[in-house]
Amino acid sequence: MGDALPARAVVDLDAVAANADVLRGRAAGAAVMAVVKADGYGHGMVPCARAALAGGATWLGVAHLAEALELRAAGVTAPVLAWLVVPGQDLAPAVAADVDLSASAVWAVEALVDAARRTGRTARVHLKVDTGLSRGGATARDWPDVVRAAAAAQAEGALEVVAVWSHLASADDEASDALTLAQVERLHDAVAVAARLGVRPPLRHLAASSGLLAHPAARLDLVRPGVAVYGVSPAPERFSSADLGLVPAMSLRARLALVKEVGPGEGVSYGHHHVTAGRARLALVPLGYGDGLPRHASGRGPVALRGRRYAVAGRVCMDQVVLDLGDDDAARAVRAGDEVEVFGTGADGGPTAQDWADAAGTIAYEVVTRIGARVPRVHVGTAGVVGGPGTAVAAAASGGRA
Ligand SMILES: *Cc1c(COP(=O)(O)O)cnc(C)c1O
């Protein structure tokens, strides 16, 4: 599908569903909130949300309220938590759409109460405590004030406190396991403080992908995996996605725009950081940093072509990269229009998003999430597809993402 496009990101919804199922197994009884923020880490938010729900997730998580409303507009009815709001933002649409919001400060509780009054509904809130990341969440000192404000609003029916929650700082890193356990303890302490102040929500949650996979004590009632849902390891130093039984869902593919022969000593791409060693075939891949390929992977990013791996020759440009195929029989067989895989499942020995992350000195999260809007997402597989088998592309298109 999409074979005539210069480039496309093929997203396997069945892999998303299977990954969600694996994570549900690993969650050992905790409910699974599939995190689909940032357009489903670049995979297409709505189709991936549906696939994750089909695979056994029962909650969805996003950062922005607008993302939650987009899920609702697409007809997704599962519980959704959005955790990033700023003062002055109108929260009434979230309350009206039955979207759960997070509060880390008294002003956020007050904004939710205001939204509840204006909509005539009860706002659902997850109270966030900072257990050591020093990002979102109330400090231990501010926590009682946040809880008291929520308790008062709950007593008058404006608010329902659904959860006490927090986020881990270094769950991916074995050297920080003591910090992770300390954060678990601090969450329990915050739950106890809330209980003393009369707030006893049904849920506690703390773990994202790496917390879920590496720290049983952090699983609690609900886990919030994001990157692992898309089959990418959250902690490649601890375990690969294959170790975890996860399948990378995105395969970034392109068709060669040009193949040509050049002589020895030719400088390739901006700055001539690559020079041909001898007579060579050069192949032009129509993807560049304007599509999200990291420019830091210049000279290193791997690409599979006809079962072989080549490193990008020289600089990654805005729209294109060049491969130096050399001058052997394999090189002479390559034609314009041939398909390359920039990254994929890795099952066939091809490159993965993790390989690109290693080549660029970043994390695979960033590689997949940054694949740009210029690259069409082509959803394949049937998991969660409205209308059943064979309609994945149509469903994605109606979501405005294909
Ligand atoms: C992004 C995010 C997640 C998911 O993190 P992963 O490491 O991708 O599993 C969970 N919770 C919060 C608060 C987040 O910001």
- Could you pull the Cα extents of the stretch 250-380 along its three principal axes, largest to smallest, in whole Å? 38, 30, 24
- From the residues Leu53, Val223, Gly326, which one has its Cα farthest along the dipole of the chain in the positive direction, the dipole being from +1 and -1 charges on Cβ of Lys/Arg and Asp/Glu about the Cα centre? Leu53
- Task: For the stretch 13-59, with all protein chains present and a 1.4 Å probe, just round the carbon and sulfur fraction of the accessible area to a whole percent.
- Result: 54 percent
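Please state the charge dipole magnitude for the stretch 250-380, taken about the Cα centre, from unit charges on C-beta atoms (+1 on K and R, -1 on D and E), reported in debye and rounded to the nearest 20. Walk me through the numbers before you get to the answer.
Working: 16 positive and 15 negative charges, 47 e Å.
Magnitude of the dipole: close to 220 debye.
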- Query: Size of the dipole of the chain about the Cα centre, Lys and Arg at +1 and Asp and Glu at -1 on the beta carbon, nothing else charged, in debye to 20?
  - Reply: 480 debye
- Sites Glu366 and Asp328 - FRET efficiency at Förster radius 35 Å, r taken between beta-carbons, to 0.05: 0.50
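Please identify the trypsin sites (Lys or Arg not before Pro) of the stretch 302-348 that satisfy two criteria: DSSP loop assignment and at most 16 other Cβ atoms within 10 Å. Which are they?
Numbers: sites: Arg306, Arg308, Arg309, Arg315, Arg332, Arg335; in loops: Arg306, Arg315, Arg335.
Qualifying residues, ordered by number: Arg306, Arg335.
Where does the longest stretch of the chain lie that holds no GluC sites (Glu not before Pro) found in a DSSP loop with 13 or fewer other Cβ atoms within 10 Å?
Details: sites that count: Glu156, Glu237.
Within the chain, the longest run free of exposed GluC sites (Glu not before Pro) spans 238-402.
For the stretch 250-380, what does the accessible surface come to per residue with a 1.4 Å probe? Please give it in Å².
Values: 5800 Å² over 131 residues.
Result: 44 Å² per residue.
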- Task: Lys and Arg at +1, Asp and Glu at -1: add these up for the other residues within a Cβ distance under 11 Å of Asp172 and post the number.
- Result: -3
- Solvent-accessible surface ranking, highest first, for Asp348, Asp291, Asp177, Asp145 at 1.4 angstrom: Asp348, Asp145, Asp177, Asp291
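Which percent of the accessible heavy-atom area of the stretch 294-391 goes to carbon and sulfur, probe 1.4 angstrom?
Values: 2200 of 4340 Å².
Carbon and sulfur together cover 51 percent of it.
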- Between Glu237 and Ala152, with labels modelled 7 Å along Cα→Cβ, what's the label distance in nm to one decimal, could you check? 4.6 nm
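For the stretch 129-206, give the percent of accessible area contributed by carbon and sulfur heavy atoms, probe 1.4 Å, rounded to a whole number. Present the calculation step by step, with values, prior to reporting the outcome.
Values: 1790 of 3650 Å².
After summing per-atom areas, the C and S share lands at 49 percent.
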- Task: Can you bin the chain into rounded, prolate or oblate? Criterion: square roots of the alpha carbon gyration tensor eigenvalues sorted a ≥ b ≥ c, rounded for a/c under 1.5, prolate for a/b above b/c, oblate for the rest.
- Result: prolate
- Query: Which residue, Asp130, Asp338, Asp98, tops the fluctuation ranking in a GNM of the chain built on C-alpha contacts under 10 Å?
  - Reply: Asp338
- Cα centroid separation, the stretch 276-354 to the stretch 46-114 (Å): 40 Å
- Task: Using the charge dipole of the chain (Lys, Arg: +1 at Cβ; Asp, Glu: -1 at Cβ; taken about the Cα centre), state which of Val95, Pro234, Ala178 has its Cα farthest towards the positive end.
- Result: Val95
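Let me know the shape class of the stretch 13-229, please: from the alpha-carbon gyration tensor, a ≥ b ≥ c as square roots of the eigenvalues, rounded when a/c is under 1.5, otherwise prolate if a/b is greater than b/c, or oblate.
oblate
The values are calculated or read from the model by the stated rules, or taken from the named source; none is laboratory data. Just so it is clear, the model here is predicted, and its values are computed rather than measured. Please note: Cβ atoms are built from the backbone with ideal geometry, for glycine as well, and neighbour counts cover all protein chains shown. Note: accessible area is taken over every heavy atom of the protein model, side chains too, but ligands, DNA and RNA are not part of it. Shrake-Rupley method; radii C 1.70, N 1.55, O 1.52, S 1.80 Å.
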